[in-house]
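Taking it in order: structure first as structure tokens, then the write-up.
The values are calculated or read from the model by the stated rules, or taken from the named source; none is laboratory data. Fair warning: this is a prediction, and the values are worked out from it, not measured in the lab. Quick reminder, even Gly has a Cβ in these numbers, built from the backbone with ideal geometry, and neighbours come from all protein chains shown. The area values use the complete protein model at the heavy-atom level, side chains included, leaving out ligands, DNA and RNA. Shrake-Rupley method; radii C 1.70, N 1.55, O 1.52, S 1.80 Å.
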Amino acid sequence: MRVLAAFILAIVVALLLSALVNAPLYDAFPELSSRGPHKLMNTTGKLFLIPIFLFLLAWYGLNNKQALGYGLERRLFIAELFRGLLMGIGILSLLSVVLIVLDIRYLKPIGDDFAMILLKAIIGGLLGGILIGFIEETFFRGGIYGAMRKNAGFPVALLLSSLLYGSMHFIKPLPLPEGEPLHWYSGFLILQGSFDQLADWATLDSFIGLFAVGLYLAIVRERTGNLAYVIGLHAGFVFVIKVVRKITKVDSSEPLSVLVGSYDGMVGYLSATGLLIHATLTWFFWRRNNSSR
């Protein structure tokens, strides 16, 4: 629990620092975030978190490639990442087909620019997926899971890192009320509303879906002993979600639409069920001799 508290404290400190500099930074450089100061808070919060995260890695003895999950030789790392990417694309593609067959999602009308839209979605989804995969897996399954695994054992690391992973997706800085002037304390007003979704029962389905993703990725991290495969998996998930959301929409009038959450119209009760089954099979039958220690 101390490890979890340390990383939560790191996130809170980064958010508070981001809130403190939000108004003066936005006043000085409004072009940094043309969509409003609440968007700037996301960026500055992540920047403040980097040095704190690096300090915690050193504190818990994870400030080396092997401990963090980057110990594979480069050629093997790339090969593992590619295998994970294919698996991630396969898993989410299967989910997408099921959602379309069940009429939960439907194809948008195909216009003359469909090919260009699809091409942009594929390129953006692949690049964004790999970037997100590296960043989030280094943070969650590298640092947080690694520190908990080392200090509290696998079951605690599996559960708590996945809970934190699911929860973090619902910390969302909201814009100031329309017409609200920017004051030195405006960043704290933005921060105050950032946790509203965490207490909203309407996000429970999405949280369960993301919690299941965290469990699955942590189990794969445990079984492979490194981050290569889970980075690929994560990248594949993000890639398919971005492409599918670009060319399809959720039919909220369909009764079975309750199986997907409002977070992205993909994860929810259905994806959680499938991933938990897959995670169980992975734990009992896949690469048992490669588990991290």
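If you take the residues in the range 16-46 that are among the small types (Gly, Ala, Ser) and loosely packed, with under 15 Cβ neighbours inside 10 Å, which one is farthest from the chain's Cα centre (by Cα)? Show your work before the answer.
Just the residues of the range 16-46 that are among the small types (Gly, Ala, Ser), to begin with: 18-19, 23, 28, 33-34, 36, 45.
When the remaining residues are screened for being loosely packed, with under 15 Cβ neighbours inside 10 Å, the result is 28, 34.
Details: Ala28: 31, Ser34: 24 Å.
Ranking the candidates gives Ala28 first.
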Note to self: Which residue is nearest to Ile219 (Cα to Cα), if the candidates are limited to the range 247-277 and must be in contact with a Leu (Cβ under 6 Å, 6 or more places away or on another chain) and among the hydroxyl-bearing types (Ser, Thr, Tyr)?
What the structure shows: Ser271
Item checked: Only one of Leu126, Leu81, Leu49 that is out of contact with any Phe, Trp or Tyr (no Cβ under 8 Å at 6 or more places or on another chain), in contact (Cβ under 8 Å) with a residue 12 or more places away in the chain, among the aliphatic types (A, V, I, L, M) and surrounded by 14 or more Cβ atoms within 10 Å (Cβ to Cβ) -> Leu49
Check: Looking at (1) farther than 22 Å from Met148 by Cα; (2) open to solvent by 40 Å² or more (accessible area, probe 1.4 Å); (3) at pLDDT below 90, which is the one condition that is false for Met1?
Finding: (1)
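Of all residues in the range 223-253, which are assigned to a loop (DSSP other than H, G, I, E, B) and in contact with a strand residue (DSSP E or B) (Cβ under 9 Å, 6 or more places away or on another chain)? Steps first, answer last, please.
If we filter the range 223-253 for residues that are assigned to a loop (DSSP other than H, G, I, E, B), which is where we start, we get 225-227, 251-253.
Matches in the range 223-253: Asp251 only.
Conditions tested, residue by residue: (1) open to solvent by less than 10 Å² (accessible area, probe 1.4 Å); (2) over 20 Å from Gly69 (Cβ atoms); (3) not acidic (Asp, Glu).
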position: Leu164; (1), (2), (3): no, no, yes
position: Met168; (1), (2), (3): no, no, yes
position: Leu198; (1), (2), (3): no, yes, yes
position: Gly214; (1), (2), (3): yes, no, yes
position: Ile241; (1), (2), (3): no, yes, yes
position: Val250; (1), (2), (3): no, yes, yes
position: Pro255; (1), (2), (3): no, yes, yes
Next item on the list: Confirm whether Ile104 is crowded, with 16+ Cβ neighbours inside 10 Å, under 19 Å from the mean Cα position of the chain (by Cα) and touching a residue at least 40 places away in the same chain (Cβ under 8 Å).
Entry: no
Item checked: Filter result (charged (D, E, K, R) and modelled with pLDDT under 90) within the range 4-46 -> Asp27, Glu31, Arg35, Lys39
Next item on the list: Might you check whether a residue that is in a helix (DSSP H, G or I), closer than 19 Å to Trp283 by Cα and either more than 16 Å from the chain's Cα centre (by Cα) or of a type in the set (Phe, Trp, Tyr) (or both) occurs anywhere in the range 179-202?
Entry: no
Next item on the list: Determine, yes or no, whether Tyr70 is under 20 Å from the mean Cα position of the chain (by Cα), assigned to a loop (DSSP other than H, G, I, E, B) and touching a residue at least 12 places away in the same chain (Cβ under 8 Å).
Entry: yes
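Any idea which of Leu131, Leu163, Leu126 is closer than 16 Å to Val213 by Cβ and either at pLDDT 95 or above or of a type in the set (Phe, Trp, Tyr) (or both)? First the steps, then the outcome.
Numbers: Leu131 fails: closer than 16 Å to Val213 by Cβ; Leu126 fails: closer than 16 Å to Val213 by Cβ.
From the options Leu131, Leu163, Leu126, the qualifying one is Leu163.
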Checklist line | Ile91 being touching a residue at least 12 places away in the same chain (Cβ under 8 Å), of a type in the set (Val, Ile, Thr) and open to solvent by 50 Å² or more (accessible area, probe 1.4 Å) | finding: no
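Filter the range 216-239 down to residues that are in contact with a His (Cβ under 8 Å, 6 or more places away or on another chain) and open to solvent by 10 Å² or more (accessible area, probe 1.4 Å), then give me how many there are. Spell out the reasoning first.
To start, the set of residues in the range 216-239 that are in contact with a His (Cβ under 8 Å, 6 or more places away or on another chain) comprises 216-217.
Those still in the list that are open to solvent by 10 Å² or more (accessible area, probe 1.4 Å) too: none.
Total meeting the criteria: 0.
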Note to self: Going by what's in this entry, would Arg141 be described as touching a strand residue (DSSP E or B) at 6+ places or on another chain (Cβ under 7 Å) and either under 27 Å from Lys39 (Cβ atoms) or surrounded by 16 or more Cβ atoms within 10 Å (Cβ to Cβ) (or both)?
What the structure shows: no
Item checked: Gly61, sole failed condition from (1) over 28 Å from Gly265 (Cβ atoms); (2) part of a helix (DSSP H, G or I); (3) open to solvent by less than 90 Å² (accessible area, probe 1.4 Å) -> (2)
Margin query: Restricting to the range 203-246, count the residues that are farther than 16 Å from Thr282 by Cα and among the basic types (Lys, Arg).
Written below: 3
